[in-house]
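This report concerns only the one structure given below.
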Amino acid sequence: MQGYFTQRLLLTIPTFIGITLLVFVLTRLVPGGPIERMLAEAQLASGTASSVSDGFGSQSLSEDQLDQLKAYYGFDQPIITSYFQWLWKVVQLDLGESTRYGESVWDTITERLPISIFYGVTTMILTYLLCIPLGIFKALKHGAPFDHISSAIVFISYAIPGYVIGIACIAYFAANLEWFPLGGFVGDEFEYLSTWDKIIDILHHATLPLIAYMAGSLAVMTFMMKNSLMENLSADYVRTATAKGLSFKQAITRHALRNSLIPLATHFGQNISVILSGSFLIEKIFNIDGIGLLGYEALVERDYPVVMGILVISALLYLIGNILSDLCVAWADPRIRFGEKR
Amino acid sequence: MSKALLTVSDLCVDFETEHGVLNVLDHVSFNLYPGKTLGLVGESGCGKSVTSLALMKLLQKPYGCIRAGSILFKGQDLVQCDAKQMQDLRGNRIAMIFQDPMTALNPVKTIGSQIVEVFNLHRQELTKKERYQCALEMLRKVGISDAQFRMAEFPHQLSGGMRQRVMIAIALSCEPDILIADEPTTALDVTIQAQILDLMQDLQKENGMAMLFITHDLGVIAELCDDVAVMYAGRVIEKASVIDLFSQAKHPYTKGLLDSIPQLFNDGKGALKTIEGQVPSLLNMPTGCRFRNRCQYSQQDCKSLDHNLDTHSENHQINCKHWREIKDA
Ligand SMILES: Nc1ncnc2c1ncn2[C@@H]1O[C@H](COP(=O)(O)OP(=O)(O)O)[C@@H](O)[C@H]1O
Ligand SMILES: [Mg+2]
């Protein structure tokens, strides 16, 4: 078991290199880059005097300056060399500087990461808290009106994209009823609030985005729970349990439930990475400064150090999440003992 | 014969399906006696498992329900018992073993905890330690070596035969008055089968419990049972002592069953005998005798046969209008 997990941990290294190398090469191969973007900006800044049709022909930068820039970003070297230069820096926890703002990428990301983690973790916990009981209840009431009605609601929320739900929520609950703020992570007076009011303020701001975040994953998790429990309810061992003298309820809580949680445990790791990387559309709508929005803007602006920085974080989360999944499954299901020979 | 421990009379079970109501058991009656084994035989789908589940009142509601009849156990009609009373009886006075030991145990709980659970339910006067000791003792009793070590193992670490032994240990923990075994050896190798049957017989001698042994294997019946009830399409069509059944079966279906056993001494010549035709679907069961569409002796008046059994001798009853006219082959 331990051997298996050490092996898994070691395997993350080549996987990580694979993921980052691929994206690194891509950023080099696609047309347009930070330098081109700077040139374009410089051109715009130097007025419309030099006509646009000239393109990059009449550059406001000299060849020398350009070479300097290229050397600065490592564009003068072969891809592989500069990749390993980048990787070496990453190992030293240096993600470079944003080409847009000149700020350290590490700072830019860590500034936003807590916000994303807050939303990610809260969404995940709330989703589990809602879906597990709902799934259980639906399984027990299979075929009853409650089951059908909740299925309809869950499927509607699944079919409508999260950002649309977000917009609808803003339009109605924030703009119309003014129950919730229009956006942002915290209010303007946040700094002056007491600790308790701060928490209230965060939750007040978080309610609508959380609804938007949860809407999508609700259906998958609820139905996973329901189907899994229904399958286990008809399993032979539940019949054995009732034949021992347990009531139906006890047979569920003591026997069927743990077995039916196994598929959800498998899902756990994937959820971590997906949720932490956020959804830039929801962040955009609610004006939340999270990782999703940062990544999106960095891509549009060809801010490759930031893109790579976010990739590093999300790749690591994904890899760790997968290992956590395995751990969860092994914990929940004694039949699974990874890497043990019997 | 001693007084019956369990008397099933005219048990009728219906299943509600999307195609309509299925009359799965039709006036099933039999008795169980202390220390004796009743074999319940019949081909797949004739209602053997439903009978056993009905006795335990474990039919899945709302699909299956006992429509009529009574199950008298020590003067108490189980059909009238409420859920709580049944829970006190199950696993305690009436226990059950199922067909497939591979799936009948909870895969995520240790063997030990699954046996201890029975004591937790029915022997609450014991201390935690005593319950563990009792469970350990049961494991030893059913012939599991390294019992202490096995207590902490999970079902998947045991072979099929060992799991069935564990099931027996669970069932017999509270020394029940009645053990219902629904094809307990069908899923096992022949050698393991024999071991399990021996074990069950030994434990029965020790406890003096009554056993309802369900099987479709006539060989097992011959080895284990005192009496036999033959079922066909939801009805008991012949009841007899095991000797009578094998030596002088009267019902055409039972005769057919016995004839279809491969004979060791006919040099392997000739095709295996079979009963022509198929079991009618429960949805359109013929009126009267349910076997008449396959019966070579069937006559007009077979349509009016009801569920009552005709008595040949005190212990031998047949559900057939013409059994007297049928000569032994
Ligand atoms: N849950 C159920 N729903 C509908 N019909 C059932 C159900 N369980 C059993 N039956 C019907 O009852 C009949 C008897 O089944 P069963 O007792 O399992 O047969 P067996 O003698 O092989 O154990 C079958 O023909 C089947 O059609
Ligand atoms: Mg069966």
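The values are calculated or read from the model by the stated rules, or taken from the named source; none is laboratory data. Keep in mind that what you see is a predicted model, and the values were worked out from it rather than measured. A quick note on method: Cβ atoms are made from the backbone with ideal geometry, for glycine too, and the neighbour counts reach across all protein chains shown. For the accessible areas, the whole protein counts, side chains as well, though only heavy atoms, and no ligand, DNA or RNA atoms are used. Shrake-Rupley method; radii C 1.70, N 1.55, O 1.52, S 1.80 Å.
Overview of values
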{"read-out": "Gyration tensor verdict on segment B:234-329 (Cα atoms; rounded if a/c is under 1.5, prolate if a/b is larger than b/c, oblate otherwise)", "value": "oblate"}
{"read-out": "Average partner coverage of A:244-256, which counts Cβ from other chains inside 10 Å", "value": "5"}
{"read-out": "Segment B:277-329: trypsin sites (Lys or Arg not before Pro) in DSSP loop, at most 11 other beta carbons within 10 Å", "value": "B:R324, B:K327"}
{"read-out": "Which of A:C328, A:M308, A:S157, positive extreme of dipole for segment A:105-332 (C-beta unit charges)", "value": "A:C328"}
{"read-out": "Shielding score for B:106-118, defined as the mean number of other chain Cβ atoms within 10 Å", "value": "4"}
{"read-out": "Alpha carbon centroid spacing (whole Å) that separates segment B:158-188 from segment A:225-244", "value": "19 Å"}
{"read-out": "Between segment A:137-184 and segment B:34-53, the Cα center-to-center distance that results, in Å", "value": "52 Å"}
{"read-out": "Only Lys, Arg (+1) and Asp, Glu (-1) charged, at Cβ; the protein assembly as shown dipole about Cα centre in debye", "value": "2520 debye"}
{"read-out": "Local net charge near A:F16, Cβ-Cβ under 15 Å (Lys/Arg +1, Asp/Glu -1)", "value": "+2"}
{"read-out": "Inter-label distance, nm, simple model (7 Å from Cα along the C-beta direction), A:L44/A:I160", "value": "3.6 nm"}
{"read-out": "Cβ-defined net charge surrounding A:Y318, 14 Å radius [Lys, Arg +1; Asp, Glu -1]", "value": "0"}
{"read-out": "Complex-versus-alone comparison for segment B:119-161, residues with a loss of 50 Å² or more in accessible area, probe 1.4 Å", "value": "B:L121, B:H156"}
{"read-out": "Nearest 10 degrees, 0 to 90: helix A:79-91 Cα axis against chain A principal axis", "value": "60 degrees"}
{"read-out": "Cα-based reach from B:K61 at 17 Å (exclusive), listing aspartates and glutamates while leaving out same-chain residues under 8 positions away", "value": "A:E231, A:D236, B:D14, B:E16, B:E18, B:D82"}
{"read-out": "Inter-chain shielding of B:98-105 (mean C-beta neighbours from other protein chains, 10 Å cut-off)", "value": "3"}
{"read-out": "Surrounding net charge for B:K36, when Lys and Arg each add one and Asp and Glu each subtract one, Cβ distance under 9 Å", "value": "-2"}
{"read-out": "Among beta bridges that DSSP assigns inside the protein assembly as shown, antiparallel share in %, nearest 5", "value": "60 percent"}
{"read-out": "Listed pairs B:K48/B:K129; A:K141/B:K57; B:K3/B:K48 exceeding 29 Å between Cα atoms", "value": "B:K48/B:K129"}
{"read-out": "Fraction of beta bridges assigned by DSSP in chain B that are antiparallel (%, nearest 5)", "value": "60 percent"}
{"read-out": "Theoretical gain in end-to-end length, B:A271 to B:M285 [0.36 nm per residue, Cα-Cα removed]", "value": "2.0 nm"}
{"read-out": "Amide proton proximity set for B:G64, modelled H, under 5 Å, gap of 5+", "value": "B:E16"}
